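A.B. asks: Below are the structure tokens for one structure; questions will follow.
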Amino acid sequence: MDVAMDFEITMRLLFGEKAHHIADQHGSTKGRRAWLTKAIEMLTREVDTLDTTVRHKQMLMCELEAIAALVKRESEPSWDIVYRFLRLASRLLGFDYIRGARCHTPTYWQTPAQNLNSVVFEGGDIMQDYYDKKNAIAVRRSVVQDLKSQGLNDYKIALVLNITEYQVKKLRAATSTHEGDDSAL
């Protein structure tokens, strides 16, 4: 793959369809610089939201600031930018203190909306979140029944499941009167 397509794919990773058909801008210093600047700004906003140590966030921001400065002054790609991006990637993976030490552990998780996006992008059913929720309710009903059979009252079941007593009562009522029907919830 040529470098212009690498450029477009990299920008599409961050900007999606907004960066579709921009490969030709790689050949323009001004166009390339504009897209790189937008990408650095986006990465900076994302780094600012990370739940990490103060030092780790400062170091990430320093790397991005240095990359931004290089992008502004460099007319041609330089090894400095390559090394800075490699350092940024290394720091994002938890390496720090130029000793080969991994001082942080990255953690990734998905919100329900992000999970649904992944399912849809992989060709799955757009209704998957509905099915997952319905399955989760069925499992929760089963757990409530099991805990009730062990002699726990609604208050203790609510504590165990981290839900309200009212929700426990609704789940129990739905189990006994509306088998398989989620309309009671």
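A.B. asks: If you take percent of Cα pairs over 25 Å apart from the coordinates, which of (i) 33; (ii) 59; (iii) 38 do you get?
C.D. replies: Only one listed value fits the structure, namely (ii).
A.B. asks: Still on this model: Starting from the residue with the highest accessible area, list THR105, THR52 in decreasing order, probe 1.4 Å.
C.D. replies: Per-residue accessible area, sorted high to low, gives THR105, THR52.
A.B. asks: Please report, as a whole percent, how much of the solvent-accessible surface of region 48-156 comes from carbon and sulfur atoms (probe radius 1.4 Å).
C.D. replies: For region 48-156, the apolar C and S fraction of the accessible surface comes to 57 percent.
A.B. asks: At a Förster radius of 35 Å, what calculated FRET efficiency corresponds to the Cβ-Cβ distance of SER28 and SER90, to the nearest 0.05?
C.D. replies: Efficiency, from the Cβ-Cβ distance: 0.70.
A.B. asks: In addition: In Å², what does the accessible area per residue of the chain work out to with a 1.4 Å probe?
C.D. replies: That works out to 70 Å² for each residue.
A.B. asks: Can you tell me how much longer the chain between ASP6 and ASN135 gets when fully stretched, taken as 0.36 nm per residue apart minus their C-alpha distance, in nm with one decimal?
C.D. replies: This chain segment gains 42.3 nm when fully extended.
A.B. asks: Short version: ³J(HN,Hα) in whole Hz for each residue of region 143-150, in order, from phi by Karplus 6.51 cos²θ - 1.76 cosθ + 1.60 (θ = phi - 60°), x for Gly and Pro, what are they?
C.D. replies: Listing the rounded values in order: 5, 4, 4, 5, 5, 5, 5, 7 Hz.
A.B. asks: Can you order the peptides 56-67, 22-33 by their average number of other Cβ atoms within 10 Å per residue, highest first?
C.D. replies: Highest to lowest by the protection proxy: 56-67, 22-33.
A.B. asks: What angle, in degrees between 0 and 90 and rounded to the nearest 10, separates the Cα long axis of helix 79-92 from the longest principal axis of the Cα atoms of the chain?
C.D. replies: Approximately 20 degrees, to the nearest 10.
A.B. asks: Under a cut-off of 17 Å between alpha-carbon atoms, report the aspartates and glutamates in cross-link reach of LYS170, not counting same-chain residues fewer than 8 places apart.
C.D. replies: ASP146, ASP154, GLU179, ASP181, ASP182
A.B. asks: Also: Before anything else, pin down the relative contact order of region 17-156: Cα pairs under 8 Å, at least 6 apart, normalised by residue count, whole percent.
C.D. replies: The normalised contact order for region 17-156 reaches 13 percent.
A.B. asks: Kindly express, to the nearest 10 degrees and within the range 0 to 90, the angle between helix 3-15's C-alpha long axis and the longest C-alpha principal axis of the chain.
C.D. replies: That works out to roughly 40 degrees.
The values are calculated or read from the model by the stated rules, or taken from the named source; none is laboratory data. These numbers come from a predicted model, not from an experiment. Heads up, the Cβs are rebuilt from the backbone with ideal geometry, glycines too, and the neighbour counts pull from every protein chain shown. In case anyone asks, the SASA skips ligands and DNA or RNA and just uses the protein heavy atoms, side chains included. Shrake-Rupley method; radii C 1.70, N 1.55, O 1.52, S 1.80 Å.
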